[in-house]
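Down below is the structure, laid out as structure tokens.
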Amino acid sequence: MKSHTGYLWFQTGSRTEFINITELVEEELAKSGITEGLCLVNSMHITSSVFINDDEPGLLSDYGRWLEKLAPYDPGSYRHNLTGEDNGDAHHKRQVMGREVVVAVTEGRLDLGTWERIFYGEFDGRRRKRVLVKIIGD
Ligand code: ZN
């Protein structure tokens, strides 16, 4: 069995942002030389997510508004912010959108459904953050 480890770095200009990272993950798969196996992609931070859904601008905008309703930024309303941070909302948004995805690798390609794309979701941006790509197989 072979394995490949890659790190993707992101620094967004705004607190909340969604980035389609499918091509970056495909580049890691190409580097790995693996044709049959599994590809794990996870955020290494507790205020950002990796998830799979449609790359449709209306949907991504809806996610932003929906998450803001579930966990408004409102720094004064989170006990977590008593630590001196202001990102209590971002921890909640990450929890809802998830930490990681696992995608099957079949015949050298990410075996995604027709409309499935891999996204990085940032909820407390403006600093450098890392995503792990781990691919195992043959
Ligand atoms: Zn925090």
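The values are calculated or read from the model by the stated rules, or taken from the named source; none is laboratory data. These numbers were taken from a predicted model, which means no experiment stands behind them. Glycine also receives a Cβ, built like all others from the backbone with ideal geometry; neighbour counts cover every protein chain displayed. We work out accessible area using only protein heavy atoms, side chains counted, and drop any ligands, DNA or RNA first. Shrake-Rupley method; radii C 1.70, N 1.55, O 1.52, S 1.80 Å.
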- From Leu70, Leu60, residue being under 16 Å from the mean Cα position of the chain (by Cα) and farther than 30 Å from Met1 by Cα: Leu60
- Item | Positions within the range 82-106 being within 12 Å of the ligand (Cβ to nearest atom) and touching an Asp or Glu at 6+ places or on another chain (Cβ under 9 Å), in sequence order | Glu85, Asp86, Asn87, Gly88, Asp89, Ala90, His91, Lys93, Arg94
- Note on the structure: Scanning the range 34-77 residue by residue, the ones that are over 28 Å from Gly137 (Cα atoms), touching a strand residue (DSSP E or B) at 6+ places or on another chain (Cβ under 6 Å) and β-branched (Val, Ile, Thr) total 0
- Would the range 111-119 turn up any residue that is open to solvent by less than 20 Å² (accessible area, probe 1.4 Å), more than 16 Å from the ligand (Cβ to nearest atom) and either touching a strand residue (DSSP E or B) at 6+ places or on another chain (Cβ under 6 Å) or not in a strand (DSSP E or B) (or both)? yes
- Failed condition for Ile34, given (1) touching an Asp or Glu at 6+ places or on another chain (Cβ under 7 Å); (2) within 16 Å of the ligand (Cβ to nearest atom); (3) not small (Gly, Ala, Ser), with all others met? (2)
- Whichever residue in the range 68-81 is within 16 Å of the ligand (Cβ to nearest atom) and under 30 Å from Val25 (Cβ atoms) and, among such residues, is surrounded by the fewest Cβ atoms within 10 Å (Cβ to Cβ): Tyr73
- Cβ pairs under 6 Å, 6+ apart, first in the range 72-95 and more than 22 Å from Thr12 (Cα to Cα), second near the ligand (Cβ under 8 Å from one of its atoms): Tyr78/Gly88; His80/Gly88
- Pick from the range 13-46, criterion within 17 Å of the chain's Cα centre (by Cα) and small (Gly, Ala, Ser), ranking: nearest to Lys93 (Cα to Cα): Ser43
- Pick out, from the range 15-55, the strands (runs of 3 or more DSSP E) lying fully within it that include 1 or more residues that are over 19 Å from Gly125 (Cβ atoms) and open to solvent by 50 Å² or more (accessible area, probe 1.4 Å). 37-43, 48-53
